[in-house]
Amino acid sequence: MVQNSVGGHLTMTSTSTRLLQSLSVSKPVIRLIVTAVQGHLQHFSDGGHFVSMLTVLLSTKSMNLNVSNSYLTELYDRFLTIIVEDITADSSKINIDISSLKQMTNFVKTIIGRKPLCKLNPYDLDNFSKLLVQVFASYLPCEGRSGSWEENIYIIPVEGLPVSNSELYQGLLLQGYQLPQTAMNNVRKVNNQIPVAVVTVSMTGDTEEIMDAEYEIFNDLSEEKTVLSRIMKFCDRCAELNVGVIFCQKVIHPSVKSYLYKQNILPVERLGSQMIPFILKLTGAQSLRSFTVSLSDIGHLDSIEHQTINKKSYLFLKKQESPVATLMLTSDHEESVQELKVLSEMPSLVEEFYCTKSAILSALDVVCKSLQNIAKTVVKDSEEGKTDCTYHHFWRVPKEVEEGEVICSCGIYCLENTELVDLDNVDIGNPVNKNYKKITTVL
């Protein structure tokens, strides 16, 4: 929770991006770290907490070393290169069976479970993770469905409901619309389907939207009335094509809406540019950038219904075998490192940096201990941080669990608790030890 010393807005977040934006920092060193982390987040959009902790730990631990800062800077840079090369090597990659619901769900749980403000109990975490896996698997691009996953799923957040109310809707939910029920009952249909037109220009009579058109204006007519007259003719043409709904990205003039209701055509306005691509994909309609429409521009819906969710009105647009869906996310509130290959490279490092083996090992010890400390930060009071000698993964095991199988933090491997080693007993800061263990911190 972040709030200034005299009160004001209270920010509740577990996201480093929002946290850093809320901070007012004056000390140059801290400001430098904050700026560096924000730069990392802008480039990668993730890992802000990890970079923050690693930077602070490396800085503070380095102060106690009898090694020149210039040497440390170059050594840390080299260590980073070695680590990145190791964790991106084929030997470090994990094969995940995306056809396995259990394995995919466990993987998703490790991501969602690290968000404290979600306040998910084990039951809700399991169900919510299964829902996300279902959504991901159901709407991957395939034969008959184009576009990326993000283009097929429209996500809306809803506050005031528990996470267990999150749901996937086959179709689109439009928030904030409550059309007259009589008009919805009398909407035009053809062969049990509702023909629709999608307009992306303003229907208020603004001439700026149709600058490529030429009109002859008489003295007793205004530009607005002339354009409105053209819009009315467009509405008549839609009625001839049995259009039942006109979706408009922008605003529809009140007189035009009234005219459409009389024609049993539902006017849905102010949709915005974000929603239009989903509506076009769902209905199969073509976007109309002028007031000219033909039969090939018309799309279709199976039904349009009114729904109330948490005292808010929604229009539910449905179509059989819908190519798009709406993921409603509900909430009560708003708001890898592998073994370091240093011993084999020790002679070349000593020669390159003109420093002693002890200096290199001291710098390496700082890196290892910093990573170990970061791993410990994700362990709760009711848990123990452990690792294994087979997969070298990170495990968070409840203290009351003495025997039985437990799953690693990334949800991929399952081992007996007796096969694990306490994180505190792993001397990863001593690379000279022949029994040197490697550990992947899943953060």
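The values are calculated or read from the model by the stated rules, or taken from the named source; none is laboratory data. Nothing here was measured: the structure is a model prediction, and the numbers come from that model. Cβ sites come from the backbone with ideal geometry, for glycine too, and all protein chains shown count toward neighbours. Surface accessibility is based on the protein's heavy atoms, side chains included, excluding ligands, DNA and RNA. Shrake-Rupley method; radii C 1.70, N 1.55, O 1.52, S 1.80 Å.
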Looking at segment 101-119, is at least one residue part of a loop (DSSP other than H, G, I, E, B) and at pLDDT 70 or above? no
Checking the structure you have, find out if any residue of segment 350-366 is part of a helix (DSSP H, G or I), crowded, with 18+ Cβ neighbours inside 10 Å, at pLDDT below 80 and among the hydroxyl-bearing types (S, T, Y). yes
If you take the residues in segment 212-238 that are in a loop (DSSP other than H, G, I, E, B) and either of a type in the set (A, V, I, L, M, F, W, C) or at pLDDT 90 or above (or both), which one is nearest to the chain's Cα centre (by Cα)? A213
Please tell me if G147 is more than 25 Å from P323 (Cα to Cα) and either at pLDDT below 80 or open to solvent by 10 Å² or more (accessible area, probe 1.4 Å) (or both). no
Out of all the residues in segment 155-172, which are closer than 14 Å to L301 by Cα and touching a Leu at 6+ places or on another chain (Cβ under 7 Å)? G171, L172
Checked pairs for segment 372-388, first within 15 Å of K399 (Cα to Cα), second among the hydroxyl-bearing types (S, T, Y) and crowded, with 18+ Cβ neighbours inside 10 Å, C-beta under 6 Å and 6 or more apart or across chains, list as none
Being at pLDDT below 90 and buried (at least 19 other Cβ atoms within 10 Å of the Cβ) narrows it down to one of L301, L271, so name that one. L271
The condition from (1) modelled with pLDDT under 65; (2) within 21 Å of L120 (Cβ to Cβ) that M346 misses is numbered (2)
Cβ-Cβ under 8 Å pairs, at least 6 apart or on other chains, segment 56-81 side crowded, with 17+ Cβ neighbours inside 10 Å, far side of a type in the set (S, T, Y): L57/S370; L58/Y76; L58/S370; K61/S370; V67/S362; L72/S62
In segment 239-267, what residues are aromatic (F, W, Y) and in a helix (DSSP H, G or I)? Y259, Y261
Tabulated pairs, segment 2-16, first open to solvent by less than 80 Å² (accessible area, probe 1.4 Å), second of a type in the set (K, R), C-beta under 9 angstrom, 6+ apart or interchain: V2/R18; T11/R18; S14/R114; S14/K115; T15/K115
